[in-house]
Amino acid sequence: MEDAALTARKILRAVAAPHIIDNKSLDVNVSLGGSTYPDAAQDAESLLGQADAAMYEAKQHGRNRYEFFRSDMRVRLATRLALEGDLRYALGRNEFLLHYQPKIDLKTGLITGMEALIRWLHPERGMLLPAAFVPIAEECGLILPIGQWVLLEACRQSRAWSDSGLGVMPVAVNVSAVEFQGKDFLSGVRAVLISTGMEPQNLELELTESVLMQDAESAMVTLLALKAMGIRLAIDDFGTGYSSFTYLRRFPVDTLKVDQSFVQEITADPEGKTMVDAMINIGKSLNHRVIAEGVETRSQLDFLQRHGCGEGQGYYFSHPVVADHAKSLFKDGLQQGLVH
């Protein structure tokens, strides 16, 4: 194992070094998994399967690292394989549903829109949050049909709210890297807008910095095509990625969503306050909407209001709720607002 670990470290160093291809510097992540004979397994097929499980362990712990198979991974491997098998049938069995979390104007307390968040009502495991199954869906290719279902259902629900007399209800949908880079992404979005009758300006697509920066120039082309349709665009989890100010200025986005990890530090760390204030000012300088994610306390809300953050989202206002409850929130919010 010591020799294998030495080789793994050499591979990590070699791949992590900058690679200049076609005059572009490519930064490549690598995750390595290993297993040893005869301790881990007795045959090649089992050894490869366990090395694969160890590789997923390395990916889940931040990438750019290696892991060797351990006995405690067996249960996680079996769970993952079972979930992947169930995931292949979940869409056909109508096991997915959407919850909606409101975005709040921090001056008026009124709801400015809803973010659609997928849930999996597993027949045996109960309600599963995205972190439990979305990474698996991305790795096995199922995220494409699942993402298309989310977009279609969110737009359909927004139109249903509007048709019921609530007025315009903008809805936001998260887009993964696999979806965004898919060859049929733009045509799929266009087809959903047509089939639901959704007004493009009432749809906002949320993309993380890391998704946009994987291939910034290609991302720019797709973003411009989406803007040409009239769709609004948001950078999600702002502050956790690697986007430069140059690209922030060039990307045709409308909204910056300050990641909840920074909002949580407002009351815990003086430097956290400085970071959030800086991100709010960046958004303002670019004439973007700024939404703070993960607002949970009155003191966080007070800070955001004092520093001119336009909107907020988090448990302080509402947990993600089913569509009927979201409709009630919208009715109540129209009358009295959700900022107490």
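Structure data summary
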| quantity | calculated |
| --- | --- |
| Those residues of segment 279-301 which are out of contact with any His (no Cβ under 6 Å at 6 or more places or on another chain), under 10 Å from LEU256 (Cα atoms) and β-branched (Val, Ile, Thr), in sequence order | ILE282, VAL290, ILE291 |
| Members of segment 5-46 that are in a loop (DSSP other than H, G, I, E, B), surrounded by fewer than 12 Cβ atoms within 10 Å (Cβ to Cβ) and under 28 Å from the mean Cα position of the chain (by Cα) | ALA17, PRO18, VAL28 |
| Test: residue in segment 163-174 that is part of a helix (DSSP H, G or I), buried (at least 16 other Cβ atoms within 10 Å of the Cβ), touching a Cys at 6+ places or on another chain (Cβ under 9 Å) and not small (Gly, Ala, Ser) | no |
| Within segment 199-218, tally of residues that are more than 13 Å from ARG232 (Cα to Cα) and crowded, with 19+ Cβ neighbours inside 10 Å | 4 |
| Residue tally, condition touching a residue at least 40 places away in the same chain (Cβ under 8 Å), among the aromatic types (Phe, Trp, Tyr) and closer than 23 Å to SER158 by Cβ, over segment 116-145 | 0 |
| Candidates GLU2, GLU95 - the one that is closer than 30 Å to PHE330 by Cα, surrounded by fewer than 17 Cβ atoms within 10 Å (Cβ to Cβ) and free of Cβ contacts under 8 Å to residues at least 40 places away in the same chain | GLU95 |
| Qualifying residues in segment 59-97 (those that are over 30 Å from ILE11 (Cβ atoms) and in contact with a Lys or Arg (Cβ under 9 Å, 6 or more places away or on another chain)) - the one modelled with the lowest pLDDT | ASP86 |
| Subset tally (residues that are outside any strand (DSSP E or B) and surrounded by fewer than 18 Cβ atoms within 10 Å (Cβ to Cβ)) for segment 111-135 | 8 |
| Tally, over segment 36-80, of residues that are more than 22 Å from ALA132 (Cβ to Cβ) and acidic (Asp, Glu) | 3 |
| Matching residues, segment 232-245, being among the β-branched types (Val, Ile, Thr) and crowded, with 21+ Cβ neighbours inside 10 Å | ILE235 |
| Verdict on GLN42 being of a type outside the set (Lys, Arg), touching a helix residue (DSSP H, G or I) at 6+ places or on another chain (Cβ under 8 Å) and at pLDDT below 90 | no |
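The values are calculated or read from the model by the stated rules, or taken from the named source; none is laboratory data. From a predicted model like this one, the values you see are computed outputs, not experimental measurements. Glycine also receives a Cβ, built like all others from the backbone with ideal geometry; neighbour counts cover every protein chain displayed.
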